[in-house]
1. Pop the C-beta distance of R85 and K291 into the FRET formula with R0 = 35 Å and round what comes out to the nearest 0.05.
2. Using 1/(1 + (r/R0)^6) with R0 = 30 angstrom and r between the beta carbons of N112 and T62, what's the FRET efficiency to the nearest 0.05?
3. Residue by residue, what Karplus-based ³J(HN,Hα) values in Hz, rounded to whole numbers, does region 62-78 have, using 6.51, -1.76 and 1.60 with θ = phi - 60° and x for Gly and Pro?
4. Go through region 243-256 residue by residue and turn each phi into a ³J(HN,Hα) via Karplus (6.51, -1.76, 1.60, θ = phi - 60°); whole Hz please, and just put x for glycine and proline.
5. For a Förster distance of 35 Å, can you work out the FRET efficiency between the beta-carbons of Q202 and Q103, rounded to the nearest 0.05?
6. Dipole of region 53-123 (Lys/Arg Cβ +1, Asp/Glu Cβ -1, origin at the Cα centre): which of T96, P66, N115 lies farthest to the positive side?
7. Given charges of +1 on the Cβ of Lys and Arg and -1 on the Cβ of Asp and Glu, with all other atoms neutral, how large is the dipole of region 20-91 about its Cα centre, in debye to the nearest 20?
8. Note down the relative contact order for region 53-123 as a percent, whole number, built from C-alpha pairs under 8 angstrom at least six residues apart.
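Nothing in this text is a laboratory measurement; each read-out follows from the coordinates by a stated rule. Everything numeric in this text was worked out from a predicted model, so none of it was measured. Neighbour counts are summed over all protein chains in view; Cβ atoms, including those assigned to glycine, are modelled from backbone coordinates with ideal geometry.
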Amino acid sequence: MRWFWLVLGVLLVALAQQDPEPSFQTTAEIERRGKKIVVVKTGPDNPPAIIELRDLYGGVITELDPEKKTLRLGEQVFTTDNLTRFWQEGKAAQFTDLKVGQQVRLEAAEQNDGNLKAFDVQIGGRREGPSLTRSLFADPPPYRVQITFGEDARAFGAIARVEQVREVNDYVFMTGGTARYIEEEDRLELDLKPAPKSVEVQQGRSKAWGSRLDYDNESGDARVAGPIELERSGDKPLQGNAQRMIYNVDDEILRLFGGVKLVQDGRTSTAESAVVREKDRVAYLYGSKEKPVRSQNKDGFVEGTRVLYNLDTSDVVVLEGVKGEFQDP
């Protein structure tokens, strides 16, 4: 099918950090404003990457045949079997949960006999677009699936899923866990485990860890769920924490939210949120009048609603709402 944006296949990718020799790796590619978001399976083909091409349908069930396990939407009849997945409100369901008059969303494909086979039935779901391409990647240790966001940032995790709804949007999901390939069904059985540090994001000298990553190509945001741990290398290493994080592909900046804490060279700084501009080697820390940014070391503290933080030196400049207290030399 020529229409889909997702470039699937085998590309030559040299991954020096894991294998000194170039190797063929399965990839999926998305483009946003001239920048490429590329998902790469870095490990061996066990388990293999799985590619699913589906047409999307939606509507109200007008007829059900429990014996043949078929359902009708208007003039179209869909067959189901033991491999068809049924869902309702995010939970697994079954054919017997279907009822005439229900709104459903179907992922289906035309078979060699001309019948429409339903692979996924979501009760209450609605059709987003004409078709869907889904790619599933899983890499067991010591390998990790890799996502590159342009030339500026990379993310790593055990499992990644790429979904592209034609004419609508592209999505990437990454987290921890394991996968088992079921050969007779040609599918991956995923055991998702979004535990702390399941996902790693790298940008310049900064590294951040979270439990899962969700990328939305329409917004260009890669949202990382917490708890967030942050490290930055250098002459004065930095460590930090936050509740969640967003990396924006367009701006190439990290945004930290909730309980932000940075510790560096004897200085501890806390804030409600922060914007990390790695290329400029600075961060902007944000607070409020009720809960200002606070930066403290052995000599005293400063507070403010907006603070400029130097990532190399830990020096701070209060830009708004300055307040401070220092010990006499």
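1. FRET efficiency, R85 to K291: 0.15.
2. According to the calculation, E is roughly 0.70.
3. 9, 7, 10, 10, x, 5, 8, 6, 10, 9, 10, 10, x, 8, 9, 10, 10
4. The phi angles translate into 8, 7, 8, 10, 10, 9, 5, 5, 7, 6, 10, 9, 10, 10 Hz.
5. Using R0 = 35 Å, I get an efficiency of 0.25.
6. The residue sitting most towards the positive pole is T96.
7. 380 debye
8. About 37 percent, as a whole number.
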